[in-house]
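Report on the following structure.
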């Protein structure tokens, strides 16, 4: 199953979390992004792989932070009715 591309708003949200959030989980993601960027600059990753990996990591960061804050990744309209 293909994943949907992240929106510009998603990218900004991930960037803001990485810059300003002090949650220990976010700090781990920050380190992972730094390592990935270093690998790209040093030629370990080609641009296409870097961009794909970066988007996957941003997606995981956003999902993880939603869970940490008690938010769901489902839209409110997708809940089952009893």
Restricting attention to the stretch 53-82, the residues that are modelled with pLDDT of 50 or more and surrounded by fewer than 10 Cβ atoms within 10 Å (Cβ to Cβ) number exactly 2
Could you check how many residues of the stretch 42-52 are in a helix (DSSP H, G or I) and either in contact with a helix residue (DSSP H, G or I) (Cβ under 9 Å, 6 or more places away or on another chain) or surrounded by 11 or more Cβ atoms within 10 Å (Cβ to Cβ) (or both)? 5
Per the filter on the stretch 1-41, residues in contact (Cβ under 8 Å) with a residue 40 or more places away in the chain, exposed (fewer than 12 other Cβ atoms within 10 Å of the Cβ) and over 12 Å from the mean Cα position of the chain (by Cα) are 3
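The values are calculated or read from the model by the stated rules, or taken from the named source; none is laboratory data. Bear in mind the structure is a predicted one, so any value in this text is a computation, not a measurement. Positions of Cβ are backbone-derived with ideal geometry, glycine not excepted, and every protein chain shown enters the neighbour counts.
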